[in-house]
Amino acid sequence: MNILMRPLRQVTRLLGIASVLATAVIDYNMRRGWRWDRPRRASWLQVWSRTLLSSFGIRLKVIGAAPKGGFMVANHLSYLDILVLGAACPQVFLSKSEVEAWPLIGTLTKYAGTLYIDRGKRSDVTTKEAAFEEVIRSGLPMTVFLEGTSTDGSKVLPFRSSLLQPVVKNQWTVTPAYLKYECEGGDPAMDVCYWGDMTFGPHIVNMAKVKRVDAIVAFGETREPGEDRKALAKALHDDVLALRDLAEAENSNSGYEYGASVI
C-alpha cells in the first residue's frame with residue numbers, strides 16, 4: 001500500500017505546489033498597485049510561505065520568540081529555509097544573487113523584497129548598507145546566512161564575518177536562529193537539505209515523495225554587536241550551536257504550529 005501511495009503523494013504535492021505558486025503570483029500582481037512597502041511584502045511572504053509549507057507536506061515548530069527587528073543570523077540547509085523562516089515571522093532576506101533566477105524560490109524572494117548580493121564582490125556589502133538600514137528602520141529583521149553555502153545539517157560551518165561589518169558599524173542588534181529538518185519516510189540530509197552538487201528539479205521531485213517533513217526553528221536571545229565583527233561572528237556561531245542543543249532537548253511530536261496533511 002505504501003509503495004502505491006508514494007507516486008500519488010508525489011504527483012499531488014507537485015500539483016499543489018504549482019497551484020499555490022500560481023495563485024501567489026496572481027495575488028502579488030493584484031496587490032502591487034497598493035502601498036506595497038516592505039512590511040506588507042514581508043507579511044505577504046509569511047502568508048504564502050505557510051501555504052507552501054502545507055503543499056510541501058511540512059510541519060513547522062517554533063522554539064523561542066522571533067525577533068522584532070535588527071539582524072537575524074541562521075544556519076543554512078536548503079532553499080526551504082526561506083519558506084520556513086518566512087512562515088515563522090515577517091522578515092527580509094539577504095541572498096546570493098543566483099537565488100533570484102531559481103525556480104519557485106526566486107519568484108517568491110523577488111516579490112517579497114529580498115536583497116541580493118554578489119558574494120564574489122566584497123564591495124557589494126558596502127553598497128547594500130543603505131538598503132540594510134532601510135530594512136532596519138522598517139522594523140523588520142534582516143536575515144542572513146553566514147556559512148556562505150548550505151550543508152547537509154551534520155555540522156554548522158564557521159560564520160563569515162564580512163556581512164557583519166555594517167552591523168558593527170551601525171550597532172544593530174543581532175538574533176541567532178537554528179534550523180533543523182526531520183522527516184518520516186526519508187533522509188533529511190539527502191531528501192530535504194539542498195547542498196553540494198544537487199540540482200533543483202530532481203531534488204524537489206524526490207522530496208515530494210517523503211511522507212512528512214518536520215521543520216524546527218529555534219530563536220535565541222538578541223545580542224548587542226560589540227565592536228569586532230570577527231568576535232561577533234564567533235559568538236553568533238556559538239549561539240547557533242547552543243540552539244542546536246536546545247532543539248534536540250525539546251524535540252517532540254508536539255508544538256507544531258502549521259500542520260501539513262499527510263497523504
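Points worth noting:
- Additional length obtainable on full extension of the chain from Val205 to Lys155, 0.36 nm per residue less Cα span: 15.4 nm
- Remark: accessible surface ordering of Phe159, Phe132 (largest first) is Phe159, Phe132, probe radius 1.4 Å.
- Centroid-to-centroid separation of region 37-81 and region 195-225 [C-alpha atoms, Å]: 11 Å
- Solvent exposure, largest accessible area first (probe 1.4 Å, DNA, RNA and ligands not counted), of Trp172, Trp102: Trp102, Trp172
- Crossing angle, helix 229-249 versus the chain [Cα axis fit, 0-90 degrees, rounded to tens]: 30 degrees
- The modelled label-to-label distance between Ser254 and Asp187, using points 7 Å beyond Cα along the C-beta direction, is 3.3 nm.
- Longest to shortest principal axis, alpha-carbon extents of region 88-142, angstrom: 30, 30, 15
- For region 79-231, alpha-carbon Rg relative to the globular expectation (2.2 N^0.38 Å, N residues): 1.08
- Longest site-free stretch - the chain; sites: trypsin sites (Lys or Arg not before Pro), DSSP loop, at most 13 other Cβ within 10 Å: 156-263
- Accessible area per residue in Å² at 1.4 Å probe, computed on region 58-137: 36 Å²
- With kT/(6 pi eta Rh) evaluated at 20 °C and eta = 1.002 mPa s, and Rh the Kirkwood radius from Cα pairs, the chain diffuses with a coefficient of 114 µm²/s according to Stokes-Einstein.
- Annotation: extensible slack from Asp228 through Thr127 equals 34.3 nm (criterion: 0.36 nm per residue apart, minus Cα-Cα distance).
- Computed label-point distance, nm, for sites Lys68 and Gln171 using a 7 Å Cα→Cβ extension: 1.9 nm
- Cβ-Cβ distance of Met30 and Glu98, R₀ of 25 Å, FRET efficiency by 1/(1 + (r/R0)^6): the value works out to about 0.30.
- Surface/4 estimate of mean projected area, convex hull on alpha-carbon atoms of region 1-122, nm²: 9.5 nm²
- Which listed pairs, of Lys121/Lys230; Lys180/Lys211; Lys110/Lys180; Lys61/Lys230; Lys155/Lys234; Lys96/Lys128, have C-alpha distances above 21 Å, in listed order: Lys110/Lys180; Lys61/Lys230
- Relative to the dominant Cα principal axis of the chain, helix 2-31 is inclined by about 50°.
- Annotation for region 156-256: GluC sites (Glu not before Pro) lying in DSSP loop with at most 11 further Cβ atoms inside 10 Å of their Cβ are Glu227.
- Ellipticity estimate at 222 nm from DSSP helix runs (n ≥ 4, -39,500 (n - 2.57)) divided over the chain, nearest 500: -13500 deg cm²/dmol
- In degrees, nearest ten, helix 38-56 long axis to first principal axis of the chain (Cα): 30 degrees
- Taking every C-alpha pair closer than 8 Å and separated by at least 6 residues, the mean separation divided by the residue count of the chain gives a relative contact order of 28 percent.
- Heavy-atom accessible surface of the chain: percent carbon and sulfur, 1.4 Å: 54 percent
The values are calculated or read from the model by the stated rules, or taken from the named source; none is laboratory data. Keep in mind it's a predicted model, so treat the numbers as computed, not measured. Cβ: placed from backbone, ideal geometry, glycine included. Neighbour counts: every protein chain shown. Note: accessible area is taken over every heavy atom of the protein model, side chains too, but ligands, DNA and RNA are not part of it. Shrake-Rupley method; radii C 1.70, N 1.55, O 1.52, S 1.80 Å.
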